[in-house]
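Below is one structure, written out as structure tokens, with a few remarks after it.
What follows is calculated from the coordinates using simple rules that are stated; it is not laboratory data. Predicted model, so just to flag it, every value in this text is computed and none were measured. Using ideal geometry, Cβ is built from the backbone for each residue, glycine included, and neighbour counts are taken over all protein chains shown.
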Ligand SMILES: [Zn+2]
């Protein structure tokens, strides 16, 4: 099941949630999850990944950057030599982009439609992407990283060792949150969820 569908099923609105009608107080992300029997504390980072992925939640993205930065700094402790602070920013941005869009970034040439119009106004298949997505490869990861820290490819390869670990950390956290939701969906047939 898609992440959007899962979050929707549980009526989880994320951190950005801001009901405009008066009366009811704002529910925190933690409270929204608790209402449907899910636990924020099991994987805060995983929930943030899902909120960014499924709800394009900008507040969650900010928080996710902060958390990922802590992990990146921890991983960089064993780094030999000097690195600029921007390297941490580049690592976090690239890892988050991939973890929250695992099927790839939306293609900028066809805007994700996989169809482009040629000069004779014929609709044809976009040559830039796969089904509207730019899939992740070493090349596209390097390109993304270089937008923040424009280094040589050989230098990037060193950073990539840390990048891979950071990615795994995000994906593992995401998996915990997804599994919690799937488990809860299975339970649903015993009608304990009033959603
Ligand atoms: Zn395309």
Packing-based exposure ordering (other Cβ within 10 Å, fewest first) of 52, 36, 117, 82: 82, 117, 36, 52
How far is helix 44-55 tilted off the main Cα axis of the chain, in degrees rounded to 10, range 0 to 90? 80 degrees
Would you compute, from DSSP H runs of 4+ residues alone, the mean residue ellipticity of the chain at 222 nm, taking -39500 (n - 2.57) per run and dividing by the full residue count, rounded to the nearest 500? -18000 deg cm²/dmol
Expressed to two decimals, the stretch 3-190 has a Cα Rg over Rh, using the Kirkwood radius, of 1.04
Starting from the Kirkwood radius over alpha-carbon pairs of the stretch 109-195, derive D by Stokes-Einstein at 20 °C in a medium of 1.002 mPa s and give it in µm² s⁻¹. 126 µm²/s
Full-extension gain in nm, residue 119 to residue 5, via 0.36 nm per residue minus C-alpha separation: 37.2 nm
Relative to the chain, whose Cα atoms define the longest principal axis, helix 58-75 and its Cα axis are tilted in degrees, nearest 10, by 60 degrees
To the nearest 0.05, what FRET efficiency results for residue 101 and residue 153 with a Förster distance of 22 Å applied to their C-beta separation? 0.45
Say we join alpha carbon atoms closer than 10 Å with springs in a Gaussian network model of the chain; which of 66, 48, 91 then has the biggest fluctuation? 66
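For 100, 94, 152, what's the fewest-to-most ordering of other Cβ within 10 Å of each Cβ?
Working: 100 21, 94 27, 152 9.
Going from sparsest to densest Cβ surroundings: 152, 100, 94.
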Using alpha-carbon coordinates, inclination of helix 85-100 to the longest axis of the chain, degrees: 60 degrees
Using 0.36 nm per residue of separation minus the Cα-Cα distance, give me the extension gain between residue 34 and residue 188 in nm, one decimal. 53.9 nm
